[in-house]
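For reference, the structure discussed in these notes is given below.
The values are calculated or read from the model by the stated rules, or taken from the named source; none is laboratory data. Bear in mind that the values here come from a model prediction, so they are computed numbers and not experimental data. Don't worry about glycine lacking a Cβ; one is built from the backbone with ideal geometry, like all the others, and counts go over all protein chains shown.
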Amino acid sequence: MKVEKKGHTTTIRNTQGSTAEFYQKLHHEYNSFKSQNIIVDLSNDKALTMDDIKLFTEMIKIHSKEKKSLVLVNNSVNFNTVPKNIMLVPTILEAHDIIEMEEIERDLGF
């Protein structure tokens, strides 16, 4: 797991290989990231499945209650099959854009 902080956002890159193992490690260390917006970069996992993505559902719920964004990044998944409560984008740049938009919405009270 590679962690990079930039402003109010932390990018966490999966270097584990297995998304399930990576999720367990991220879940275990979540308290150290919960005050930041989080980008979870799963780009290295070309065999990512919908079950792997759904692992993050509970963490996303908890994070949104804290008024923070959690965005997943991977471009090898059919975006039409991703549940609406999970924000999945194909690039890191788009993840940053989503976080900025959500920050603006929160500032405006939406």
Check your understanding: Could you say whether any residue in the range 62-77 is farther than 26 Å from I104 by Cα and more than 14 Å from the chain's Cα centre (by Cα)?
Key -> yes
Study note, to complete from the structure: Selection from the range 97-110 of residues buried (at least 16 other Cβ atoms within 10 Å of the Cβ) and either out of contact with any strand residue (DSSP E or B) (no Cβ under 7 Å at 6 or more places or on another chain) or at pLDDT below 95 (or both) yields E102, E103
Exercise for review: Would you check if I39 is assigned to a strand (DSSP E or B) and in contact with a helix residue (DSSP H, G or I) (Cβ under 9 Å, 6 or more places away or on another chain)?
Suggested key: yes
**Study point:** Checklist (1) of a type outside the set (S, T, N, Q); (2) at pLDDT below 95; (3) closer than 22 Å to F110 by Cα applied to I86, failing item
**Key:** (2)
Check your understanding: Which residues, counting only those in the range 53-66, are surrounded by fewer than 19 Cβ atoms within 10 Å (Cβ to Cβ), touching a strand residue (DSSP E or B) at 6+ places or on another chain (Cβ under 8 Å) and either at pLDDT 95 or above or closer than 16 Å to Q16 by Cβ (or both)?
Key -> M59
Point to revise | Selection within the range 28-52 - free of Cβ contacts under 8 Å to residues at least 60 places away in the same chain, surrounded by 20 or more Cβ atoms within 10 Å (Cβ to Cβ) and aliphatic (A, V, I, L, M) | key: I38, V40, L42
Exercise for review: Would you please name the residue that is surrounded by the most Cβ atoms within 10 Å (Cβ to Cβ), looking only at residues in the range 10-25 that are modelled with pLDDT under 95 and in contact with a strand residue (DSSP E or B) (Cβ under 7 Å, 6 or more places away or on another chain)?
Suggested key: N14
